[in-house]
Amino acid sequence: MLKYHTVMRKCGSAAILATCIAAGGAKLAHADITLPVPAPTDIIRVELHGYEQLDSFYNDLGYTPESWDAGERTIPRLFLQTIPEAWRDDIADQLTIAAKKRVFFRTLGPLTLLANEEIAFQQKVLKDAISNNDSAVIGELASQYRISSAPDDPATIAELENRIGPVPASLAMAQMAIESGWGTSRFAAHGNALFGQWTYDGEGITPEEQRSHLGDYKIAAFKTPFGSVRAYMMNLNTGSAYKEFRTLRAKMIAESKPLSGMALAETLTRYSERGEVYVKEVQAVIRQNKLIQVDEAVLEDSPYYNLIPAGQ
């Protein structure tokens with residue numbers, strides 16, 4: 001039985017979004033959002049008891065393959081609270097490949113849009129801080145985005161403008177599918193880890209075949225899948241390995257071109273040890289699953305639907 005009810009929750013403008021909606025953040029400190037972000041005022045808690053109920057709920061919302069194929073690009077604000085182990089252990093194997101992909105993208109795709117909304121809000125925060133000469137906010141943003149120069153240094157603002165930017169949903173969703181095995185990996189099931197990010201801080205999941213010569217690394221674990229999406233975007237926006245990604249993105253924006261996940265994937269040869277082979281795989285997932293269309297999607301002006309797997 002599918003159960004859902006509305007929980008009205010008021011959050012101040014300076015609230016942390018993930019805390020407000022009981023999402024939790026990444027366990028990696030640098031991925032926490034510490035600046036004001038948009039906060040929901042009401043949340044609908046949805047208790048899930050299986051694939052059939054989830055599909056029925058999506059149909060009730062009008063969130064269907066048919067509506068998508070008809071050109072509908074406004075989707076519900078779905079917020080999966082945790083990846084159920086049953087998805088890995090049972091459900092995914094019972095579905096056709098097409099159905100498994102559909103559930104994966106429809107359920108986790110909205111998280112990429114939500115993370116980009118946060119980034120858009122921070123872009124506005126930065127713009128306002130520049131206009132108001134608010135060095136405190138600029139300094140906080142610089143700290144979050146790993147910029148060491150002083151807040152009043154023009155180079156700080158220039159680098160912030162370069163780093164605080166969106167990641168195309170098509171790219172994020174393709175990498176999410178590859179890195180998590182469509183949500184069935186041990187790291188996804190046990191730590192909501194969707195992008196295979198490493199951590200050396202002692203918190204996370206130890207790989208079964210850890211390569212000791214690379215140090216005591218683990219796969220970063222998160223309280224929610226959203227924490228993983230958020231940390232992934234922060235990684236692309238701050239990591240030295242992804243400077244080319246940010247440079248190409250800035251060029252596209254300057255030329256008023258839509259951000260292309262296919263093109264930006266070309267810059268991610270250092271995301272995986274497989275280099276160009278990995279890039280080609282990402283592009284193949286985008287192409288084969290028609291994910292370019294997802295870059296047109298927007299979230300509804302509606303409540304957040306907190307999806308709670310039964311027993312979690």
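The values are calculated or read from the model by the stated rules, or taken from the named source; none is laboratory data. Worth saying up front: this structure is predicted, and the values here are computed from it rather than measured. Note that we place each Cβ from the backbone using ideal geometry, even for glycine, and neighbour counts take in every protein chain shown. Accessible surface is based on the protein model in full, side chains and every heavy atom, while ligands, DNA and RNA are left aside. Shrake-Rupley method; radii C 1.70, N 1.55, O 1.52, S 1.80 Å.
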Taking interchain pairs and intrachain pairs at least six residues apart, which have beta carbon atoms under 7 angstrom, with the first residue in the range 243-261 and within 18 Å of Tyr145 (Cα to Cα) and the second open to solvent by 80 Å² or more (accessible area, probe 1.4 Å) and charged (D, E, K, R)?
none
Phe245: passes all of (1) in a loop (DSSP other than H, G, I, E, B); (2) closer than 18 Å to Gln197 by Cβ but (1)
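Can you tell me which residue within the range 48-89, out of those that are of a type in the set (Lys, Arg) and within 26 Å of Phe187 (Cβ to Cβ), is modelled with the highest pLDDT? Explain how you work it out, then say what you get.
Step one: of the range 48-89, the residues of a type in the set (Lys, Arg) are 73, 77, 88.
With within 26 Å of Phe187 (Cβ to Cβ) added as a condition, the list becomes 77, 88.
On the way: Arg77: 94, Arg88: 82.
Result: Arg77.
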